[in-house]
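Trainee: Can you read through this structure? Questions will come right after.
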Amino acid sequence: MKIFPLYERLHQHADRIALREGDKVCTYRELGERADRIATELLGATSDLEGQRIGVLVAPGADYAAAQWGVWRAGGVFVPLSISATTKEISYTLSDAQIGCVITTEQLAPQLPPRDSLRVVFVSEALATVAGHTFPSIAPERRAMILYTSGTTSKPKGVVTTHGCIAAQIESLVEAWRWQPADRIPLFLPLHHVHGIINVLSCALWSGALVEVYARFDPAAIFSSVAADAYTVFMAVPTIYVKMIETLAALPAAESAPVIAGFGRMRLMVSGSAALPAGVHRRWEEITGQRLLERYGMTEIGMALSNPYDGERRPGAVGIPLPGVAVRLKNDEGRVITGEDEPGEIQIGGPAVFLEYWNRPEITAESFDDGWFRTGDIAVREKGYYRIMGRSSVDIIKSGGYKLSALEIEAVLLDHPAIAECAVLGVEDATWGESVAAAIVTAKGSALDAGELRAWCKERMSPYKIPRLIHFIEILPRNAMGKVTKPEVKKIFL
């Protein structure tokens, strides 16, 4: 009988601690037993859920992991529901994925919409079930999970991955980032996205590592654990690194020093889910000695590109293809780009690529080009490393025959000490087609001079961008309380 890969590896780590939540711990053996009880409750008198979609509305922790594995053990498709979602948002997912059963807790159940046909299984009751069922065989090609992506032009779509896809995604990262049983990692990321589900939780459980679960990002608690060498691996989004930089700067040296030293002793720190500003990359290394590893992925493909574990971790770049992942760039004319310094759409192939968008065959077909998944992201290869320029639909500004990256321009502007926030976009221009516009919020107590900003940009950007940078800037100053004062907005033409 075939067992899904994560469960199959349980015996290798049986008595090791899998998850820690405060004073509570759950071993791998106990996690398997909990999953079997939940699977038994889900199956009832049946022998196989045969791909039924099972919603899971459970807070991060051992109960979440047991529910996920229980769904898979019973032959169902796991559909995680965000614990911060509104009832309306949950109702959409239940309807779209045709979910007839939800696993939840007494605390979170009120978030579910009232539906007579919806079966609700409480974790507490399921864990009281006596496991003794004969569980179905789980082949790699069976559907395993549906994650909902935030649509930019339509309602969220359900991304369907198989057990084989998930195993390929995990194995690629375990190899590339050298996961090992001795690893320990904090988990404070949401568990309805790939970053938390695959990169942190699944890779750790595959490897026999320990996951310490937090209900949310808690700097004080996490810093205390970091200072005590509780973790060997750390994964977060760029905004968390920015928050930690600010928090460390505000602490007395005697309090920040052991935390900084703890970060410095970790073997790996990863940033993802959004572009990491080069300035943040450099600042974190200056503070801790840690050179962050930036990577690139999507719900549909897991992770595809990564800066190397050994070797150069280049600020502003997302590195090279991960093991088992095929990557190519294709230009607007449909030509595969073989050289460097020419932008094109990232297209991905390999066993980690998703199966389909749930109940959207036409969109699924449109998303592939001769078997390659079209990401919609534009990148350029520079000295062997890929650099993301942005989404083809919103982040690429076509000006004077050039493709300009709004994300790249934003990154340069954010390095200016007087700029706290900014947004860059293209505006219609009779001469250039599109010109670059930026809305800027100044840092507290700072002023911004247009001439000085132009000089700043000229020093840091390719010459061909300068005539079009910047069509205009809206500077939104801050008042004495540090708040943006919109009535004082003024435009400065450069």
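Taken together, the values in this text are just the output of simple stated rules run on the coordinates, not laboratory data. None of these values were measured; they are calculated from a predicted model. Ideal geometry is used to build each Cβ from the backbone, glycine not excepted, and the neighbour counts take in all protein chains shown.
Trainee: Going Cα to Cα from K243, which aspartates and glutamates come in below 13 Å? Please leave out same-chain ones fewer than 8 positions away.
Mentor: D218
Trainee: Between the helical axis of 278-288 and the dominant principal axis of the chain, each derived from Cα atoms, what acute angle in degrees is found, rounded to the nearest 10?
Mentor: The angle comes out at about 70 degrees.
Trainee: Now a separate question. Using DSSP to call loops (not H, G, I, E or B), can you name the GluC sites (Glu not before Pro) in the range 1-107 whose Cβ has at most 15 other Cβ atoms within 10 angstrom? Each step should come with its number before you reach the end.
Mentor: Numbers: sites: E8, E21, E30, E33, E41, E50, E89, E106; in loops: E50, E106.
Counting only loop positions with at most 15 other Cβ atoms within 10 Å, the GluC sites (Glu not before Pro) in the range 1-107 are E50, E106.
Trainee: Can I ask one more? Rounded, prolate or oblate for the range 152-221? Axes are the square roots of the Cα gyration tensor eigenvalues, ordered a ≥ b ≥ c, and the cut-off for rounded is a/c under 1.5. Let's see the in-between values first.
Mentor: On the way: a/c = 2.75, a/b = 1.18, b/c = 2.33.
Taking the square roots of the gyration eigenvalues as a ≥ b ≥ c, the range 152-221 is oblate.
Trainee: In the range 133-231, what trypsin sites (Lys or Arg not before Pro) fall in a loop by DSSP, with at most 14 other Cβ atoms inside 10 Å? Before the final figure, lay out each step's value.
Mentor: Details: sites: R142, R143, K157, R178, R184, R216; in loops: R142, R178, R216.
For trypsin sites (Lys or Arg not before Pro) across the range 133-231 that sit outside H, G, I, E and B with at most 14 neighbouring Cβ atoms in 10 Å, the list reads R178, R216.
Trainee: Now, a different point. Please report the spacing between the Cα centers of the range 1-15 and the range 154-221 in Å, no decimals.
Mentor: 17 Å
Trainee: Based on the Kirkwood radius over alpha-carbon pairs, what value in µm²/s does the Stokes-Einstein equation return for the translational diffusion coefficient of the range 184-391 at 10 °C and 1.306 mPa s?
Mentor: Numbers: Rh = 18.4 Å.
So the translational diffusion coefficient is about 86 µm²/s.
Trainee: Counting only helical runs of four or more DSSP H residues, what would the 222 nm mean residue ellipticity of the chain come to if each run contributes -39,500 (n - 2.57) and the total is spread over all its residues?
Mentor: Rounded to the nearest 500, it is -8500 deg cm²/dmol.
Trainee: Counting residues in the range 101-204 as N, plug N into 2.2 N^0.38 Å and put the Cα Rg over that result. Please list the in-between numbers first.
Mentor: Details: Rg = 17.0 Å, N = 104, 2.2 N^0.38 = 12.8 Å.
The range 101-204 yields a ratio of 1.33.
Trainee: Does the range 26-86 come out rounded, prolate or oblate, given a ≥ b ≥ c as the square roots of the eigenvalues of its C-alpha gyration tensor, rounded meaning a/c under 1.5 and, failing that, prolate meaning a/b above b/c?
Mentor: Values: a/c = 2.50, a/b = 1.12, b/c = 2.23.
It comes out oblate by the Cα gyration axes.
Trainee: Using DSSP to call loops (not H, G, I, E or B), can you name the GluC sites (Glu not before Pro) in the range 276-324 whose Cβ has at most 13 other Cβ atoms within 10 angstrom? Each step should come with its number before you reach the end.
Mentor: Values: sites: E285, E286, E294, E300, E312; in loops: E300, E312.
Here the sparse-neighbourhood loop sites are E312.
Trainee: Where nothing but the Cβ of Lys and Arg (+1) and of Asp and Glu (-1) is charged, how large is the charge dipole of the chain around its Cα centre, in debye to the nearest 20? Present the calculation step by step, with values, prior to reporting the outcome.
Mentor: Values: 51 positive and 57 negative charges, 98 e Å.
Taking the Cα centre of the chain as origin, the dipole is about 460 debye.
Trainee: Taking a threshold of 22 Å on the Cα-Cα distance, which of the pairs K24/K88; K88/K157; K330/K458; K88/K155 fall above it?
Mentor: On the way: K24/K88 33 Å; K88/K157 16 Å; K330/K458 30 Å; K88/K155 13 Å.
Correct reply: K24/K88; K330/K458.
Trainee: Explain nothing, just the number: dipole magnitude of the range 5-138 about its Cα centre with +1 on each Lys and Arg Cβ and -1 on each Asp and Glu Cβ, in debye rounded to the nearest 20. Don't jump to the answer; show the numbers that get you there.
Mentor: Details: 12 positive and 16 negative charges, 32 e Å.
Roughly 160 debye for the range 5-138.
Trainee: Let me ask something else. Once label points are set 7 Å from the Cα along Cα→Cβ at both A85 and I245, what is their separation, rounded to one decimal in nm?
Mentor: 3.4 nm
Trainee: In vacuum, with every alpha carbon of the chain counted as one equal point scatterer, what does the Debye formula give for log10 I(q)/I(0) at q = 0.07, 0.11 Å⁻¹? Two decimals, please.
Mentor: Debye curve over Cα of the chain, log10 I(q)/I(0) at q = 0.07, 0.11 Å⁻¹: -0.42, -1.01.
Trainee: Then there's this: Compute the Rg to Rh ratio over the range 5-138 from the alpha carbon atoms, using the Kirkwood formula for Rh, and round to two decimal places. The partial results should precede the final answer.
Mentor: Values: Rg = 14.5 Å, Rh = 15.1 Å.
Ratio value, two decimals: 0.96.
Trainee: If you plug each phi of the range 437-449 into the Karplus form 6.51 cos²θ - 1.76 cosθ + 1.60 with θ = phi - 60°, what whole-Hz ³J(HN,Hα) values come out, in order, with x for Gly and Pro?
Mentor: With the stated coefficients, the range 437-449 comes to 10, 9, 9, 10, 10, 6, 5, 4, x, 10, 10, 10, 9 Hz.
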